[in-house]
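Take a look at the structure set out below.
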Amino acid sequence: MGTKASDILIENIVGYTHTQANATALAQQFSALLIRDGRVVTTKPEEINAQVNANTQRIDGKGQILLPGLIDAHGHIEGLAQLLNSVDLRNAPSAAAAAEQVQAFAKNRPEGQWIVGRGWNQERWPGKAFPTTQTLDALALKRPIILERVDSHALWVNSQALAIAGIDATTPDPAGGQIVRDSEGRATGILIDNAMSLVTRHLPKAQPAEQARSLDLAFEHLLSQGITGVHDAGIDQPMIDQLTARAKTKRCRCGCMACSMVQALA
């Protein structure tokens, strides 16, 4: 095969791979990798030397280890996309710190857009008490805020979200859920289990452009972790249609096979 101007040579690496003929054999080691049109051409030194020239783009691997891309056998691309497009509160050490993260996140969001987050855990905070609307209301963001607890069994919301849902002191607890209240019967901003849907059903559906941006974030994150393929364990038809469209326009960035589908999207 002749040399092409788009060829890329990754050299000075400690690479490992299996052969297609014997995938159970010990990994083969190589020190250079020639890529053409997005595909591996060869790792054999003699073949590489015969095809590279002064125009070949060279990348110095600086002795680092290079492995084949990983495949996640049970993933949720849409869930990952939503998480990356929301406030990640898993490491927030307090309600105040979580609120600061919300405020910083809101600065880069369109005016009036709902702020969504996930991961807070009051068991890791001083006092271990549930947070309240007051902490979020103090941010004065003038938009609904809904923050899901780390176990997905509770929501922490601001007063605007409660108002949109029509929740007040007279609102009864739904079956299988609880509206946490203060000593005077007022909703504190914590909704447990089935009470969560009182607010979440009002959450505006993401527009196509926003969904596309979220998927871009998801694929970029997967690739940054060395994951080049995902078996999605369950998505609805609209998401299947989106991934299919991306595959046709080469926007998937990594391979995806969705539950109930018979062919991979690549």
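The values are calculated or read from the model by the stated rules, or taken from the named source; none is laboratory data. Remember, predicted model here, so these are calculated numbers, not experimental data. FYI the Cβ positions are ideal-geometry reconstructions off the backbone, even for glycines, and counts take in every protein chain you see. With ligands, DNA and RNA removed, areas are computed over all heavy atoms of the protein, side chains included. Shrake-Rupley method; radii C 1.70, N 1.55, O 1.52, S 1.80 Å.
When only residues in the range 144-159 that are closer than 13 Å to Leu198 by Cα and out of contact with any Gly (no Cβ under 8 Å at 6 or more places or on another chain) count, which is surrounded by the fewest Cβ atoms within 10 Å (Cβ to Cβ)?
Going residue by residue through the range 144-159, those that are closer than 13 Å to Leu198 by Cα are 146, 154-157.
Checking which are out of contact with any Gly (no Cβ under 8 Å at 6 or more places or on another chain) leaves us with 154-155.
Numbers: Ala154: 21, Leu155: 23.
Selected residue: Ala154.
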Exercise for review: Scan the range 60-75 and give yes if some residue there is of a type in the set (Lys, Arg) and open to solvent by 90 Å² or more (accessible area, probe 1.4 Å), otherwise no.
Suggested key: yes
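Is it the case that Gly112 is closer than 30 Å to Gln28 by Cβ and open to solvent by less than 50 Å² (accessible area, probe 1.4 Å)?
On the way: closer than 30 Å to Gln28 by Cβ: no; open to solvent by less than 50 Å² (accessible area, probe 1.4 Å): yes.
Against the criterion (closer than 30 Å to Gln28 by Cβ and open to solvent by less than 50 Å² (accessible area, probe 1.4 Å)), Gly112 does not qualify.
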Revision key, fill the gap. Counting only strands (runs of 3 or more DSSP E) entirely within the range 27-90, those with at least 2 residues that are in contact with a Gly (Cβ under 7 Å, 6 or more places away or on another chain) are 28-36, 70-75
Study note, to complete from the structure: When every residue in the range 38-53 that is under 33 Å from the mean Cα position of the chain (by Cα) and of a type in the set (A, V, I, L, M) is compared, the one most open to solvent (accessible area, probe 1.4 Å) is Val40
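Provide a single number: the residues in the range 107-124 that are part of a helix (DSSP H, G or I) and within 18 Å of the chain's Cα centre (by Cα). Full working, then the answer.
At the first step, the residues of the range 107-124 found to be part of a helix (DSSP H, G or I) are 122-124.
Applying the additional criterion that residues be within 18 Å of the chain's Cα centre (by Cα) yields none.
Number of matching residues: 0.
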Revision key, fill the gap. If you go through Asn85, Asn91, the only one that is open to solvent by 70 Å² or more (accessible area, probe 1.4 Å) and either more than 16 Å from the chain's Cα centre (by Cα) or in contact (Cβ under 8 Å) with a residue 24 or more places away in the chain (or both) is Asn91
Review point. Does at least one position in the range 200-207 carry a residue that is farther than 23 Å from Ala81 by Cα and surrounded by 14 or more Cβ atoms within 10 Å (Cβ to Cβ)?
Key: no
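Quick one: how many residues across the range 94-106 are assigned to a helix (DSSP H, G or I) and either in contact (Cβ under 8 Å) with a residue 40 or more places away in the chain or under 14 Å from Arg149 (Cα atoms) (or both)?
Initial filter on the range 94-106 (assigned to a helix (DSSP H, G or I)): 95-106.
Cutting the leftovers down to either in contact (Cβ under 8 Å) with a residue 40 or more places away in the chain or under 14 Å from Arg149 (Cα atoms) (or both) gives us 95, 98-99, 102.
Matching residues across the range 94-106 total 4.
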